[in-house]
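Down below is the structure, laid out as structure tokens.
The values are calculated or read from the model by the stated rules, or taken from the named source; none is laboratory data. Here the structure is a predicted model, which means the values were calculated and not measured. In this analysis, Cβ positions are derived from the backbone assuming ideal geometry, glycine residues included, and neighbour counts consider all displayed protein chains. Heavy atoms of the whole protein, side chains included, go into the accessibility calculation; ligands, DNA and RNA do not. Shrake-Rupley method; radii C 1.70, N 1.55, O 1.52, S 1.80 Å.
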Amino acid sequence: MMKNTMFAIAGAVGTMLSMQSAFAATHTLDSVAFEKVRLELPSKRVQVLERFISVDNVCAWPNLTVMPDGSYMATIFNHPSHARMEGQVACYASSDNGRFWELRGKPTPNDPQTNRMNVAAGTNALGNMVVVASGWSLTPSASQSGQMDLVAVLRPWVSISKDGGETWDINKTGFPMAQEGMTEFIPFGDVLSGGDGSLRVLAYAQSLDKTVNKVSMFKSTDNGKSWQWLSFISDASGPTAFAGGHNETAFYHTGNGHWIAAARRWRSGQAMDLFESNDDGKSWEMIGNLTDDNQHPGHMTALTDGRLLLTYGNRKVGEKGVAVKTSVDKGKTWSDEMIVIDDLDFGQDCGYPASVQLADGSIMTLYYSRGIQTHQRYHMGTVIWKLPLGQIT
């Protein structure tokens, strides 16, 4: 059964600890009440330092990986369409903290009438880049010129680069095939190390009748060459049934086999919910709600002061963009929301952020957008920012 858990959203440090708690409205999910406790922050907007249109004319959905040499790799879909064009995964590298990005290589060249666009990425213990990528088989659209119609989800390919993303070894059978009654798996997010030293990745699948989504964790003991199914995080039963399960899910290993995951609901407003594992990913429990409706998907990383940073897309009307929350206690409680950018109102497509802290303490976030008022094309954007005063240790 789901724990009846109070989400205290507390400030991080300093004077924030002396502020008084205030209970927000209680709402009920699957007959279980979740109460939010919030503290007012000194500012609900971060300090933006620099911002760039980094890769133009791509839909992107960027994944962000810190490379062993200190550079950064953005793994993206390289065509300006929400899946309805042939295209492939491409890796862009930056060696100057996100100010300029250059094409490094293509992990998954696509077959004709397909795309490779859904990715998870990271590095293994050898420092090699690992990309798991699926996509869609396509057919020419009868109604939209130049566009394609989606046919079926493709089985993920596993690509590994030993030279920083320039060349790739591709294993087309290294990832498990679809489960009965479900689509092929769709990878999302980071490739991370578990408490036992194995690699972990998340992927979701949809039932063939399109009624439920299920999120699974996978494990690799050979540095990402092959993968085995490990566990369900959300399977559209029990406490996750109200949402029809979940799909795009960010996760993070806080140490000693403890994982947390922020999962996007398939139904019920598409907010994100928090899940937790205390046995290195073998079993999971849904803890409660993380964001409001239309705020998804997320990305998790750790800051140098020990806090966790949750970055997520915000598709609320009038403030579409990127928002963040922080946690000082390994995800048990989260700060109030802070806005990074809120001007991505040119179309619904936006968000899918990923963040990393730079050496000077600032934070770099990648995101995608269908366009902004002054640049009305798909693009990958980069924003460099700092947390507001009172959130900086």
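Values as computed for the structure displayed
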| quantity | calculated |
| --- | --- |
| Order by protection proxy (mean Cβ within 10 Å, highest first), peptides 145-152, 348-355 | 348-355, 145-152 |
| From the coordinates shown, P(r) over Cα pairs in 20 Å bins from 0, in percent corresponds to which of [x] 29, 62, 9, 0; [y] 23, 46, 23, 8, 0; [z] 27, 48, 23, 1 | [x] |
| Ranked packing of 371-377, 250-256, 307-313, most packed first, by mean Cβ within 10 Å | 307-313, 250-256, 371-377 |
| Two-site label geometry, residue 373 and residue 102: point separation in nm, points 7 Å out along Cα→Cβ | 3.6 nm |
| Long-range amide H partners of residue 59 with built H, under 5 Å | 79, 81 |
| Computed FRET value (nearest 0.05) for residue 111 with residue 149, which takes r as the C-beta separation and R₀ as 25 Å | 0.90 |
| Estimated FRET transfer efficiency when R0 is 25 angstrom, pair residue 69-residue 173 (beta carbons, to 0.05) | 0.20 |
| Distance between modelled label sites at residue 44 and residue 193, nm, 7 Å Cα→Cβ extension | 4.0 nm |
| Violating pairs (Cα-Cα greater than 25 angstrom) within the set 172/330; 316/386; 172/214; 106/225; 282/320 | 172/330; 282/320 |
| Carbon + sulfur, % of accessible area of the stretch 224-341 - ligands and nucleic acids excluded, 1.4 Å | 47 percent |
| Accessible area expressed per residue, the chain, with surrounding protein chains retained (probe 1.4 Å, Å²) | 40 Å² |
